[in-house]
1. Return the pair list, or none, for Cβ contacts closer than 8 Å from residues in the range 276-301 that are over 25 Å from residue 327 (Cβ atoms) to residues that are part of a helix (DSSP H, G or I), at least 6 apart or on different chains.
2. Does at least one position in the range 241-248 carry a residue that is outside any helix (DSSP H, G or I), modelled with pLDDT of 95 or more and surrounded by 13 or more Cβ atoms within 10 Å (Cβ to Cβ)?
3. Anything in the range 123-142 that is modelled with pLDDT of 95 or more and assigned to a loop (DSSP other than H, G, I, E, B)? List them, or say none.
4. Have a look at 338, 310, 300 and point out the one that is crowded, with 20+ Cβ neighbours inside 10 Å and assigned to a helix (DSSP H, G or I).
5. Between 270, 258, which is within 19 Å of residue 76 (Cβ to Cβ), in contact with a helix residue (DSSP H, G or I) (Cβ under 9 Å, 6 or more places away or on another chain) and assigned to a helix (DSSP H, G or I)?
6. Can you tell me how many residues within the range 304-323 are more than 22 Å from the chain's Cα centre (by Cα) and touching a residue at least 24 places away in the same chain (Cβ under 8 Å)?
7. From 107, 32, grab the single residue that is farther than 26 Å from residue 192 by Cα and out of contact with any helix residue (DSSP H, G or I) (no Cβ under 7 Å at 6 or more places or on another chain).
8. Taking the stated definitions as given, is residue 226 surrounded by 19 or more Cβ atoms within 10 Å (Cβ to Cβ), part of a loop (DSSP other than H, G, I, E, B) and out of contact with any strand residue (DSSP E or B) (no Cβ under 6 Å at 6 or more places or on another chain)?
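The values are calculated or read from the model by the stated rules, or taken from the named source; none is laboratory data. Keep in mind that this is a model prediction, so the values were computed, not measured. Ideal geometry is used to build each Cβ from the backbone, glycine not excepted, and the neighbour counts take in all protein chains shown.
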């Protein structure tokens, strides 16, 4: 008898048995983990998951704002990027009426904002008010036609959450999803609380107690000393025909969103208040580009019922005060609260103010 063959066969059987056991264990553990994800349903996308009170458990707006966009408890929304995220829904509810969700996303391109808007619209038969935050991503060539901006890439956008197909709504199984499921379980059990608000509002800037004017000025001017914005002399002249040739591809997306809202919905387009030093120099070609962009937004508004265009991107007490800003684009919470009040003054009261231009209706 060849004991070597017997020993080899026995060893092979042991390894095969071990491999089968390992596969069974891995499949079982993987299945259990995925079942855990499906039951907890961290993004509120699984149609057969238990009816739990799910909340945003992370500051990744692209993943967690969709659950808010689908909720029937909201009838109004703020659409935009970080330049509009400090508008407080609770204040807007009081000023404008309705129940707002702030669905702004950091570094959201106009295309991403369109996806968020459409998700909100598909889940709401009646919409009270939509506020659109407009900035350079809507008006400046090279930015306006991008699907993703800054450090955001296609991999960061979970399109399976935003599309209208019910067949791909199950989340993937990976470490971030498991982490979110675990946090969601703790939140559902009342064992943990998370900062992102249930209406999308989160103060993503530092607390005002940590505000440093010198740091803010360094962000705005590139140094601690304020600088003036020098007009271009002679000013750039552009004919009507030349202005007509300027391209604003993102405005096609804005027109699409406006066209998908009924006449009963209040539509507020708001040019955000960049610091004056970051705005275009008077008389420059950039100033003409911005002026034409604003004119085209007014044209879009004039084709709609119940539409308003508010321009905070002007020289005003807001935009010339360094203390109002963290950097050239991001204003402080007190300024956001003031903007909320001024929106109400313009839209509800029909009033005017030196801190904004009511471009439409005149």
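1. Correct list of pairs: 288/243; 292/243; 296/251; 300/251; 300/254; 300/255; 300/258; 301/258.
2. yes
3. Hits for the range 123-142 are 123, 124, 126, 127, 128, 135.
4. Within the list 338, 310, 300, the selection yields 300.
5. Exactly one of 270, 258 is within 19 Å of residue 76 (Cβ to Cβ), in contact with a helix residue (DSSP H, G or I) (Cβ under 9 Å, 6 or more places away or on another chain) and assigned to a helix (DSSP H, G or I), namely 258.
6. Residues that pass the stated criteria total 12.
7. The unique qualifying residue is 107.
8. Criteria not met by residue 226.
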